[in-house]
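Trainee: Structure in C-alpha cells, see below.
Every number here is computed from the coordinates shown, using simple stated rules; none is lab data. Since the model is a prediction, treat every value here as computed from it, not as a measurement. All Cβ positions, glycine included, derive from the backbone under ideal geometry; neighbour counts span all protein chains shown.
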Amino acid sequence: MPINFETDKVNLRVNNRVATIELNRPDALNAMDTDVIKGLVYKLKEISDSDEIDILVVTGKGRAFSSGGDIKTMLSNMNESDFFPVMDCISELIITLYSLPKLTISAVSGAAAGLGFSLALATDYIIADKTSKLAMNFIGIGLIPDGGAHFFLEKRLGETMAKQVIWDGKMLSADEAFKMGLIQEVAESGLQETLEARVQDWLSRPVQAMIKTKKIMAEKNRPQLLKVLELEKYGQQKMRETLDHREGIRAFIEKRKPFFIGK
C-alpha cells in the first residue's frame, strides 16, 4: 500500500489527546470500499506515530457506523488476482487497529454489520447507541466472516457461542449484544454523552499504563490474529466459488429469501 493515501471518504480530527476517525460515505451507509480501507490504514498509522494522541474514537457519519464491505465490490466479477490484494488491505487495517498503541473506542450508531462489525470488534471498547443494530451476517450470502471476526468473536464469546453467532447471522440489538458480551456499553442517555463520559474517565487515568497492558496482550495475540486473517482470506475465496454464494447474491439483488443447497 502507498505510504500516503488521502481520501475524502475518511475524516480525521484531533482534539485534546483524542483523535476521531469518521467513515464518510453516509449515502452508502459507510460501506467499506478499497478507498475507505486504505484511507483508514493511512490515518491509523498517522495516529500511531503521534505522541499527542492517547485515545482514538472510530465512528461513522450519518445513519450508520458501517453496513460492511461494499456490495458493489462483491457483485463485480473480481478474479483471484484482484481479490487477494483487497483481503490483504483488510488484514492490514485490522492488525493495525488492533495493535494501535492508543486506547480505542468504537462509537456505534445505526448498523454495524459484516466487515463493519469486525472493524468495531478490533477496538478495545464498543459503545452502541440504544437503537443500533449489530450483525455478523456474512452467512446470508454464503460467505464466512472476515476482518478477523473469527478471532474477535472467539475471544469475546468462546468457541461454541462464536460459532452460533456466525452461523445464525442474526441482527442483534444493542441490549442483546451487551448481554452476550459482544460490546461493553449501551448508550442509554445518548451516544455522544456516553462517549464523552468514557473518554473523560480514561483521560483522567494513567493512560500509559493502560496502553502498556494493551500492547502486551496485542503482542501475545498478534500471531494468532495474523493466522486467522490468512485463513479467512483463503476461506473466503473458496466460498466465493460456491453455488450458495451466487444464490445468496441473486437473492439479495432480487430482495427475496435465498434457497441454499449446500454446494
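Trainee: For helix 159-168, report the angle its Cα long axis makes with the longest principal axis of the Cα atoms of the chain; keep it between 0 and 90° and round to the nearest 10°.
Mentor: 60 degrees
Trainee: A further question follows. Per residue, how big is the convex hull around the C-alpha atoms of the chain? Give it to me in cubic angstrom, could you?
Mentor: 125 Å³
Trainee: Name the residue farthest towards the positive end of the dipole of segment 152-205 from the options 184, 162, 173, assuming +1 on Cβ of Lys and Arg, -1 on Cβ of Asp and Glu, about the Cα centre.
Mentor: Sorting the options by dipole projection puts first 162.
Trainee: What distance in nm separates the simple spin-label points at residue 173 and residue 160, each placed 7 Å from Cα in the Cβ direction?
Mentor: Result for the modelled spin labels: 2.6 nm.
Trainee: Please give, to one decimal in nm, the separation of the simple spin-label points placed at residue 238 and residue 5, each 7 Å out from Cα toward the Cβ.
Mentor: 2.8 nm
Trainee: To continue, here is another question. Any idea how far apart residue 207 and residue 63 come out in nm if each label point goes 7 Å out from Cα toward Cβ?
Mentor: Computed distance between label sites residue 207 and residue 63 equals 3.5 nm.
Trainee: Separate question: Mind checking the angle between helix 80-99 and the chain's longest principal axis? C-alpha axes, 0 to 90 degrees, to the nearest 10.
Mentor: It is inclined by approximately 30 degrees.
Trainee: Right, another one. Starting from the Cα-Cα distance between residue 253 and residue 227, subtract it from 0.36 nm times their residue separation and give me the gain in nm to one decimal.
Mentor: 6.0 nm
Trainee: Here is a follow-up. Calculate, in nm to one decimal, what residue 261 and residue 197 gain on full extension: separation in residues at 0.36 nm each, minus their alpha carbon distance. Walk me through the intermediate numbers first.
Mentor: On the way: separation 64, 0.36 × 64 = 23.04 nm, distance 4.92 nm.
My answer for the length gained is 18.1 nm.
Trainee: Where the centre of each part is set by its Cα atoms, how far does segment 198-240 sit from segment 145-187, in angstrom?
Mentor: 16 Å
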